[in-house]
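Read the structure below first, then the notes.
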Amino acid sequence: MGPPARGKPTVGPVVQAATIPNNTKQWHVLSLPDAELGQTVFGSRSGGMEIQGKEEEDLLALFKMGGATKSRTKDPKSGLQQKAEASVGFVDAKKAYLAGIVLAQFKVKQDYGRIAAALSGDPDEQGLLTASRVQGLLSVLPTKAELDKCIGYKGKVKLLGEAEQFYRAVGRVTRLEARLRLFEMKLSFEHSMDSVKQQAATLQLGCDQLRGSSSLAQVLELLLGMANTINRRKVNGFRLASLLTLVDTKSTANAKVTLLHFLAKVLWAKHRELYDFDLDLQGVHAAARLDLEVIRSEFAHQAGALKAARDELSRCVEEGSSAPLVSTLDEFCNHTAPELLLELHPLVDLTAQTAAATAAYFGERPSAISAIFEVVTKFVNMYKQIKHEALSPKSQRQLRQANDMVSVDV
């Protein structure tokens, strides 16, 4: 066979142009002009190796335009090749992805009717619902448009995406969002109330230790005397925030010695019974991490959520919802939740009153309790650091030198 005719070069399989389907994808090669073929690797190839038979058929089938969506799969039952059907989606990709993550937690293998059954009160499916799972569902709630499209879809359900199949399954649950919020409250209520109870108790303990520590009161009295001495004027009290400036008040004789160092020395030398006053305040550290307003807000939120839950229960009764659902919700809304709220209400009120009294004890406004806990915690931590440093011989020498050079009447 002679060399190919000049003109448009022949590259690739030798196939009649008329036999190549019009919708075949092309490989756009940069061809070498015939005049430059010369001694190149293509110079004696006569237009390339011939592709024919099954290889030709497979090649043309693989590189048809749109081949990815028209690939052939084998029917496991008949063994016949069939065209794979394209999936159908009504939800944007990001939301569908997040929904897939949420739904994977249920481990129901796309049997989303089980989730719908659980939300409808089926006692056999209640194990599927947990507070975190329901919160996840609330984060991917369908819009009305998405719900309408999923429910109105008339094609094969298996072609729908995961999110669409789920929306189609639960779309017939009346007032889906209200139902989910009701179950969210029911499943998280006791944990939330336990948290409120524990936090209120922690705040109570912190307040009791602040007001009940005679050691702290005497240390503050000693500090007041020190302030009046070095300031050369008399005041009858000071704000607790002043405690944080003790480490900034440095000796003019030795800048490494602060007023807090001097306090520790005086307590050790003359008031040994007060030296470990910080041990009386261990509960204050835990209280400093809490906020009374957050506790009160959470309690109020749960009380409001209970009202919404009772409203949803009333609608379920009016609609004639399933007996198991009504029974479950009635027990929660009319017995479990109200009883817990009734039990904790006095504790929350008492905690607020104790906090206000503690703030007043230190001459602060009632809302300042969190700031009081924070200041005392920082003060105690600084004092503990000074105590630790005081164990070193170097620190003891500095204190002795400062004491020799400065005399303060305490």
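Just checking, does the range 340-353 include any residue being touching a helix residue (DSSP H, G or I) at 6+ places or on another chain (Cβ under 9 Å) and outside any helix (DSSP H, G or I)? Scanning the range 340-353 turns up no residue that is touching a helix residue (DSSP H, G or I) at 6+ places or on another chain (Cβ under 9 Å) and outside any helix (DSSP H, G or I). Would you check if there is a residue in the range 212-222 being more than 44 Å from the chain's Cα centre (by Cα) and open to solvent by 30 Å² or more (accessible area, probe 1.4 Å)? Yes.
With respect to the conditions (1) open to solvent by less than 30 Å² (accessible area, probe 1.4 Å); (2) without any contact (Cβ under 8 Å) to a residue 40 or more places away in the chain, Ser192 falls short on a single one, namely (2).
Can you find even one residue in the range 103-111 that is open to solvent by less than 30 Å² (accessible area, probe 1.4 Å) and either part of a helix (DSSP H, G or I) or at pLDDT below 90 (or both)?
Within the range 103-111, the first condition is being open to solvent by less than 30 Å² (accessible area, probe 1.4 Å), and the residues that meet it are 103, 106, 108.
Now drop any that are not either part of a helix (DSSP H, G or I) or at pLDDT below 90 (or both), which leaves 103.
Yes, because at least one residue in the range 103-111 is open to solvent by less than 30 Å² (accessible area, probe 1.4 Å) and either part of a helix (DSSP H, G or I) or at pLDDT below 90 (or both).
Quick check on Thr229: is it more than 15 Å from Lys384 (Cα to Cα), open to solvent by 50 Å² or more (accessible area, probe 1.4 Å) and either part of a helix (DSSP H, G or I) or touching a residue at least 24 places away in the same chain (Cβ under 8 Å) (or both)? Give the steps one after another, and end with the answer.
Values: more than 15 Å from Lys384 (Cα to Cα): yes; open to solvent by 50 Å² or more (accessible area, probe 1.4 Å): no; either part of a helix (DSSP H, G or I) or touching a residue at least 24 places away in the same chain (Cβ under 8 Å) (or both): yes.
Criteria not met by Thr229.
Selection of the range 129-151 for residues being charged (D, E, K, R) and more than 15 Å from Glu177 (Cβ to Cβ) yields Arg133, Asp148, Lys149. In the range 117-164, of all residues being of a type in the set (A, V, I, L, M) and surrounded by fewer than 18 Cβ atoms within 10 Å (Cβ to Cβ), the one that is farthest from Val91 (Cα to Cα) corresponds to Ala131.
Mind checking which residues of the range 322-337 are open to solvent by 30 Å² or more (accessible area, probe 1.4 Å) and outside any loop (DSSP other than H, G, I, E, B)? Write out each step before concluding.
Within the range 322-337, the subset open to solvent by 30 Å² or more (accessible area, probe 1.4 Å) is 322-324, 326-328, 330-331, 334-336.
Ala323, Pro324, Val326, Ser327, Thr328, Asp330, Glu331, Asn334, His335, Thr336, listed by residue number.
Among the residues making up the range 232-269, those that are under 24 Å from Ala371 (Cα atoms), assigned to a loop (DSSP other than H, G, I, E, B) and not β-branched (Val, Ile, Thr) are Asn236, Gly237, Phe238, Arg239.
One line per residue, one yes/no per condition, for (1) within 30 Å of Leu216 (Cβ to Cβ); (2) crowded, with 17+ Cβ neighbours inside 10 Å; (3) without any contact (Cβ under 8 Å) to a residue 12 or more places away in the chain; (4) in contact with an Asp or Glu (Cβ under 9 Å, 6 or more places away or on another chain):
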residue	(1), (2), (3), (4)
Gly320	no, no, yes, no
Pro346	yes, no, yes, no
Thr351	yes, yes, no, no
Gly363	yes, no, no, no
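Here Thr229, Thr249 are screened, and the one residue that is farther than 30 Å from Lys197 by Cα, of a type in the set (Ser, Thr, Tyr) and within 46 Å of the chain's Cα centre (by Cα) is Thr249. Of all the residues in the range 224-275, those that are under 17 Å from Gly363 (Cβ atoms), modelled with pLDDT of 90 or more and among the hydrophobic types (A, V, I, L, M, F, W, C) number 7. Picking from residues in the range 368-377 that are over 13 Å from Leu279 (Cα atoms) and hydrophobic (A, V, I, L, M, F, W, C), the one that is modelled with the lowest pLDDT is Ala368.
Residues that are touching a Cys at 6+ places or on another chain (Cβ under 8 Å), touching a residue at least 12 places away in the same chain (Cβ under 8 Å), among the aromatic types (Phe, Trp, Tyr) and open to solvent by less than 20 Å² (accessible area, probe 1.4 Å) occur at least once in the range 165-179.
Filter the range 170-223 down to the residues that are of a type in the set (Val, Ile, Thr) and touching an Asp or Glu at 6+ places or on another chain (Cβ under 9 Å), then identify the one that is modelled with the lowest pLDDT.
Filtering the range 170-223 down to residues of a type in the set (Val, Ile, Thr) leaves 170, 173-174, 196, 202, 219.
If we keep only those that are touching an Asp or Glu at 6+ places or on another chain (Cβ under 9 Å) too, we end up with 174, 196.
Working: Thr174: 88, Val196: 95.
If we take residues in the range 170-223 being of a type in the set (Val, Ile, Thr) and touching an Asp or Glu at 6+ places or on another chain (Cβ under 9 Å), then Thr174 is modelled with the lowest pLDDT.
Scanning the range 134-184 for residues being closer than 30 Å to Gln302 by Cα and not aliphatic (A, V, I, L, M) gives a total of 17. Looking for something closer than 30 Å to Leu246 by Cβ, under 29 Å from the mean Cα position of the chain (by Cα) and at pLDDT 90 or above - is there at least one such residue anywhere in the range 378-392? For the range 378-392, residues closer than 30 Å to Leu246 by Cβ, under 29 Å from the mean Cα position of the chain (by Cα) and at pLDDT 90 or above: present.
The values are calculated or read from the model by the stated rules, or taken from the named source; none is laboratory data. Just so it is clear, the structure is predicted and the values come from calculations on it, not from any experiment. Glycine also receives a Cβ, built like all others from the backbone with ideal geometry; neighbour counts cover every protein chain displayed. Calculation scope for accessible area: heavy atoms of the full protein, side chains included, ligands and nucleic acids excluded. Shrake-Rupley method; radii C 1.70, N 1.55, O 1.52, S 1.80 Å.
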